[in-house]
Amino acid sequence: MRTMLIATTALASLALTACKLEVTNPSVVDASKFNPSSDGTTLALSAQTNFYVAFQSVMFNGGLIADEIWTGAIRLQTNNIASRNFVGTDDIDVDFFAPMSLAVVSNISAAEVLKKGSAAASDPNLALASMNAGYSLLIMAETMCQSDIRSGPALSDTQLLDSAVGRFQTAVTVGTGAGTRNIVNTANVGLARAYLQLGSNALAATTAALVDTGFTAYVITSANPATLTSTTTNSLVGLANLEYVTKNLGQALAPAIYDTLNDPRVPVAQSSIPPSNAALQPPFFVDAKYNSYSDPIRLASSLEATFISAEALLHQGNTGPALTLIAAERLKGNQPIYSGGTDQTSVLTELLNQRAREFWMEAKKLGDLRRNPTVPLAGVVTDSVGATFYGAGKATFGSTLCVPIPPEEVDANPNLH
């Protein structure tokens, strides 16, 4: 089995000031002093750090929306997000838009600089920055209703996905030239996922088939004390496993729908830490999937490629690969043999149910729900619209599955007025 552990740095600003570049402003690198050959690794890894922070923010806050995590907080804004009844003023900027926007811009900018190098066609740093730009755009497209980049016009999720496709294609091409098979595999999983989200099912299946069997790539987290000095500032805890940090504050619980699944893909444990919201009654269960500050989070894998291919072929009328995968996954999850319908809708619902279990808290489920809006939420381990909400402020779960551009960005960007 081949496993990819992508290296990381402590924080983007620390990485830039630690290298030989003379940096007077950590947010700006003087192009006249930048050498793509000798300084490219620092730039690519610094931009990658921004993607890691954004990925974790989407994993956690998107997980609240997708009903993968229950909030233990009493704050109205957090409960609005968790109940899918939120508006743009509900912490959307700090929880979603700001980290994703920084990840997109920094990785695109890094790739633009690295393309100017004399060996750009086979530069692994360019492949890495392009891959991370692709993933940053992908999670933005799966999360935001629409978004903007560099204070430009509003872009639809389709436009963001089209941009992600181009970045992934560059990563595959350059990564192949550089001989970095791990980057090529990771980028191909992202490319197949973007094609699937776009509804380009034939391309999704073809691309997914290019991924090496047994491949897995992770977002690496950190137990470095420098990243743990705050439990409220994303820029500081972003490299620690955010779900682990939050559940140990009593602010993240496993949803009740997961507590009795008895599925090793969805491990839960009883917690003695009471949540802030006193309305929640014991026993309290939390995930047992992430158990330290430095537990890595799966980003891409050959298993995900298999899921993508099965869904893409299913959308084209071929139920066979999906049924085969469902049988294997139900066996892993201690479930009886599938006995549901074999029509396309029934098989798709069951496939997404297995996908929700397999990739629990890996920043995938919100995109799955948005991609398949006709699939009943109750069939994919999700509380239905109108079901009683467990937390504060709202009586029932709403239907909002995408995040609006926050008012802070609308006010600052004249193209959005």
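Might you check whether a residue that is in contact with a Phe, Trp or Tyr (Cβ under 8 Å, 6 or more places away or on another chain) and not in a helix (DSSP H, G or I) occurs anywhere in segment 330-349? Looking for residues that are in contact with a Phe, Trp or Tyr (Cβ under 8 Å, 6 or more places away or on another chain) and not in a helix (DSSP H, G or I), one finds none in segment 330-349, hence no. For segment 264-282, filtering for residues that are polar (S, T, N, Q), closer than 20 Å to Arg75 by Cα and surrounded by fewer than 12 Cβ atoms within 10 Å (Cβ to Cβ) leaves 1.
Does Thr306 fit the bill of being surrounded by fewer than 15 Cβ atoms within 10 Å (Cβ to Cβ) and touching a helix residue (DSSP H, G or I) at 6+ places or on another chain (Cβ under 8 Å)? For Thr306, the condition - surrounded by fewer than 15 Cβ atoms within 10 Å (Cβ to Cβ) and touching a helix residue (DSSP H, G or I) at 6+ places or on another chain (Cβ under 8 Å) - is not met.
Scanning segment 154-171 for residues that are in a helix (DSSP H, G or I) and free of Cβ contacts under 8 Å to residues at least 40 places away in the same chain returns Gln159, Leu160, Leu161, Asp162, Ser163, Ala164, Val165, Gly166, Phe168, Gln169. Of the helices (runs of 4 or more DSSP H) lying entirely inside segment 35-125, those carrying at least 3 residues that are over 24 Å from Ile273 (Cβ atoms) and within 18 Å of the chain's Cα centre (by Cα) are 36-57, 98-114. Looking only at segment 347-369, decide whether some residue is exposed (fewer than 15 other Cβ atoms within 10 Å of the Cβ), over 24 Å from Pro267 (Cα atoms) and out of contact with any strand residue (DSSP E or B) (no Cβ under 6 Å at 6 or more places or on another chain). Taking every residue of segment 347-369 in turn, none turns out to be exposed (fewer than 15 other Cβ atoms within 10 Å of the Cβ), over 24 Å from Pro267 (Cα atoms) and out of contact with any strand residue (DSSP E or B) (no Cβ under 6 Å at 6 or more places or on another chain).
If you filter segment 351-374 down to residues that are of a type in the set (S, T, N, Q) and not in a helix (DSSP H, G or I), you find that the one that is nearest to Cys145 (Cα to Cα) is Asn372.
A short reminder: the numbers here are calculations on the coordinates, not readings from a lab. None of the values given here were measured: they were computed from a predicted structure. Don't worry about glycine lacking a Cβ; one is built from the backbone with ideal geometry, like all the others, and counts go over all protein chains shown.
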